[in-house]
1. Among 95, 43, 145, which one moves the most in a GNM of the chain with springs linking Cα atoms closer than 10 Å?
2. Of 140, 55, 106, which is the most mobile in a GNM of the chain whose springs link Cα atoms less than 10 angstrom apart?
3. Using protein chains only and a probe of 1.4 angstrom, how many square angstrom of residue 24 are accessible, to the nearest 10?
4. Write down the accessible area per residue of the range 23-73 in Å², having rolled a 1.4 Å probe over the full set of protein chains.
5. Rank-order 72-82, 32-42 by packing density, defined as the average count of other C-beta atoms within 10 Å over each peptide's residues, highest first.
6. Using alpha carbons only, how many angstrom separate the centre of the range 1-74 from the centre of the range 77-110?
7. By the gyration tensor of its Cα atoms, with a ≥ b ≥ c the square roots of the eigenvalues, what is the shape of the range 74-115: rounded for a/c under 1.5, prolate for a/b over b/c, or oblate?
8. Assuming a ≥ b ≥ c are the square roots of the Cα gyration tensor eigenvalues, decide whether the range 42-109 counts as rounded (a/c under 1.5), prolate (otherwise, with a/b larger than b/c) or oblate.
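The values are calculated or read from the model by the stated rules, or taken from the named source; none is laboratory data. All values reported here derive from a predicted model rather than from experimental measurement. Glycine gets a Cβ as well: all are built from the backbone with ideal geometry, and neighbour counts include every protein chain shown. When the accessible area is computed, the model is the full protein with side chains, heavy atoms only, and any ligands, DNA or RNA have been set aside. Shrake-Rupley method; radii C 1.70, N 1.55, O 1.52, S 1.80 Å.
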Amino acid sequence: MTSYELAQVNIARLKHPLDSPELKDFVDNLEPVNAVADASDGFVWRLKGETGDATEVRVFDDPSIIVNLSVWRDPNALTAFMYQGMHRELLARRFEFFERVREAMTALWWVPAGHRPSAAEAEERLRHLREHGPTERAFTLRTSFPPPSAGAERSGVDSAPKGERAGAAASG
């Protein structure tokens, strides 16, 4: 039986260039926040570029969009990290740094243990969520789905129950 881990992507559209004075607090806290994530219980992996974070990784063909892509043991581990400490403090200030958007900017999905999703895979999952709302293929913390069952895994069909569509426009 294959075990699963939770992949998450969140993107943000910058209000200013990364090297601007307006984003100094955000940029100065990237490394410390990533270090806390890396040491968090349930953290598995995160996408890194040459700078040690993913700020140079492009998605949606838009240089003003930055991406965070990581893998966690489960939703509880991800949530515990998101809503505590330095990350929580920066999350509370997100509209100082990023544009407000109405479309989904965060997506979750289950991956087989050991799989490390690419930026292209993450972009596809986010597009799927935007088009279809939460499904087994891409969902939100508000409307989530369990990992695929052993039977679904063998048959190639995901037998997880259908979720409600609430949260389709939830953004991170």
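1. Highest fluctuation among the options: 95.
2. Evaluated over the chain, the most mobile residue of the options is 55.
3. 110
4. Ligands and nucleic acids excluded, the figure is 51 Å² per residue.
5. 72-82, 32-42
6. Taking the Cα centre of the range 77-110 as reference, the centre of the range 1-74 is 10 Å away.
7. oblate
8. Verdict is oblate for the range 42-109.
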